[in-house]
Amino acid sequence: MSANRGEGRQNTGEGGLGDDAERRATEKFISDLLARGEAVFEGQEPTPSTTHVIKREDDGRLTVRRLRFSGDSAD
């Protein structure tokens, strides 16, 4: 994910290819978290291996929030 993520979101009409690449990278990141069992969707019960919570925004975007670091038993 690029260092200027915020700029790409604000200028959606200008950076089409960059936005598409960022979207694909985000989808891959979320897919990998789910495949490894490190993420749950908001409202699901976290497991001991859960490190992230995924939320679907009103506009359909998925956002990821870190819950804890792996191996950390404290919430």
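On a full-extension model of 0.36 nm per residue, what is the gain between Thr47 and Asp19, subtracting their alpha-carbon distance, rounded to one decimal in nm?
Gain on stretching Thr47 to Asp19: 6.8 nm.
Can you compute the FRET efficiency between Thr63 and Ala35 using 1/(1 + (r/R0)^6), with r the Cβ-Cβ distance and R0 = 30 Å? Round to the nearest 0.05.
0.95
Where a number appears in this text, it was derived from the coordinates with a stated rule and is not lab data. Since we're looking at a predicted model, the values are computed, not measured. Heads up, the Cβs are rebuilt from the backbone with ideal geometry, glycines too, and the neighbour counts pull from every protein chain shown.
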